[in-house]
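The block underneath contains the structure these notes are about, expressed in structure tokens.
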Amino acid sequence: MPDTTGKSRKKVVLIGPVYPFKGGISHYTGLLCRVLSERYDVSMISYSMQYPKILFRKEQRDYDNDSFKTEETEFILNTASISSILKTAKHINKLEPEFTIIQWWHPYFAPCYRILTGRLTSKVLYICHNVFPHERFPLDRFLTKLTMKRGDYFILHSSKEAEDLRSIVPDAKYRVNMHPTYSEFKRVETESGAVPVDQASVLLFFGFVRAYKGLKILIQAMSAIPEIVHLNIVGDFAGSREEYEHLITDLHLTDRISIRDGYIPDKEVGEYFERCDAVVLPYLDATQSGIAQIAFGFEKPVIATKVGGLPEVVKDGETGVLCEAGSPGALTDAIQRFYDLKKTVDFAENIRKDAPRFSWEHMADTIEDLTEHG
């Protein structure tokens, strides 16, 4: 397909979840496909089955909002079917792409991608959202190394992730590119009742609730924050909600903390981000954070801990506030410091100024540079 310069565009295959699959990586893949399509002839391949129901019992798809829809996607890859994997590899080889881009975030996909890449004739570029999973298990390093050794190029979203990659592929050709910003969520002006309307100040914790995300630390920190500040917890607790509710009750915070448990449809995300003063990431461990990039998409500052790639994303005192992880006192101080800074610092303007390094165009530039120059 010729471009405006008359040159033939290189063919690229992109593999990963896209609409209607749920979640940040699905959003990421859809937006990446859009920007790459401006400079490459992109074939988008997604899953006919992403996870078996025995591993992921909840609904994996959300058809309510097609803002991230990617046209002409081929949903042909069943990650647990060898025949499907082989057929997909054959299909990709017929397309004769210059390189194939694969989204990587969990060793569950190791057998699938090990088989697939072993039969591809094109170069392979892995975009690693996490080199190793947040919740480690005995074989994760072995499975990841087995798969990554088949990669020709790698994109990482933090220096910590690059270090992890080098520990298993010492000679890897890679680039570190910050996780791009999500700006496709619907912006709204609402008083939907998500939090009491008489609350002057609102903090937001958003996303899947897992132990490593430090929500208990944030709840404990709230007990020392002025009562005018309300915390909105929005996300899927995966059955662990009761222990958090007990902590909230024990600390007498039931009037100051609201919970919305469950998956949040894309069309409702904007309500929570528009309503808050800042998004809090009290993580005990992290690689990077798609939640931070949703926040920046709404020009909302981020209060985060100094773990993983978060200090590379949040500029302390400019686009948010950083603090040490695992300490309710340190997080309390960070929140109070944020509200003090808010009186004089234009966080939204600073986020706008910092936006270029988080752009999807920058991501496309990085992929082009890596695949052309190694």
Any residue at all in region 288-296 that is touching a residue at least 24 places away in the same chain (Cβ under 8 Å) and surrounded by fewer than 18 Cβ atoms within 10 Å (Cβ to Cβ)? no
Among the numbered criteria (1) hydrophobic (A, V, I, L, M, F, W, C); (2) under 29 Å from Phe132 (Cβ atoms); (3) part of a loop (DSSP other than H, G, I, E, B), which single criterion is violated by Leu253? (2)
Would you mind telling me which numbered condition in (1) more than 26 Å from Ala286 (Cβ to Cβ); (2) touching a residue at least 40 places away in the same chain (Cβ under 8 Å) Lys94 fails? (2)
Single residue of Thr73, Thr100, Thr117 found to be of a type in the set (S, T, N, Q) and touching a helix residue (DSSP H, G or I) at 6+ places or on another chain (Cβ under 7 Å): Thr100
For region 297-304, indicate whether the set of residues that are closer than 30 Å to Ser159 by Cα and within 14 Å of the chain's Cα centre (by Cα) is non-empty. yes
Enumeration of residues in region 322-374 that are without any contact (Cβ under 8 Å) to a residue 12 or more places away in the chain, farther than 20 Å from Leu231 by Cα and part of a helix (DSSP H, G or I): Glu349, Lys353, Pro356, Asp365, Glu372, His373
Looking at Lys306, Lys267, which is the one that is surrounded by fewer than 16 Cβ atoms within 10 Å (Cβ to Cβ), of a type outside the set (A, V, I, L, M, F, W, C), touching a residue at least 12 places away in the same chain (Cβ under 8 Å) and touching a strand residue (DSSP E or B) at 6+ places or on another chain (Cβ under 7 Å)? Lys306
Show the residue pairs meeting these rules: Cβ distance below 9 Å; 6+ apart or different chains; first residue within region 215-226 and more than 14 Å from Arg337 (Cα to Cα); second residue part of a loop (DSSP other than H, G, I, E, B) and hydroxyl-bearing (Ser, Thr, Tyr). Ile217/Ser327
Take the residues of region 50-79 that are outside any loop (DSSP other than H, G, I, E, B) and modelled with pLDDT of 95 or more: which is surrounded by the most Cβ atoms within 10 Å (Cβ to Cβ)? Leu77
Say whether the condition of being assigned to a strand (DSSP E or B), surrounded by fewer than 21 Cβ atoms within 10 Å (Cβ to Cβ), of a type outside the set (A, V, I, L, M, F, W, C) and modelled with pLDDT of 95 or more is met by at least one residue in region 121-128. yes
Being in contact with a Gly (Cβ under 6 Å, 6 or more places away or on another chain) and more than 30 Å from Cys33 (Cα to Cα) is the filter here, so list the residues in region 309-340 that pass it. none
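Collect the residues in region 308-320 that are in a loop (DSSP other than H, G, I, E, B) and modelled with pLDDT of 95 or more, keeping them in residue-number order. Break it down into steps so the answer makes sense when it comes.
Filtering region 308-320 for residues in a loop (DSSP other than H, G, I, E, B) gives 308-309, 314-315, 317-319.
Val314, Lys315, Gly317, Glu318, Thr319 - these are the residues of region 308-320 that are in a loop (DSSP other than H, G, I, E, B) and modelled with pLDDT of 95 or more.
The values are calculated or read from the model by the stated rules, or taken from the named source; none is laboratory data. The structure displayed is predicted, hence computed values, not measured ones. We place every Cβ from the backbone using ideal geometry, glycine too, and count neighbours over all the protein chains shown.
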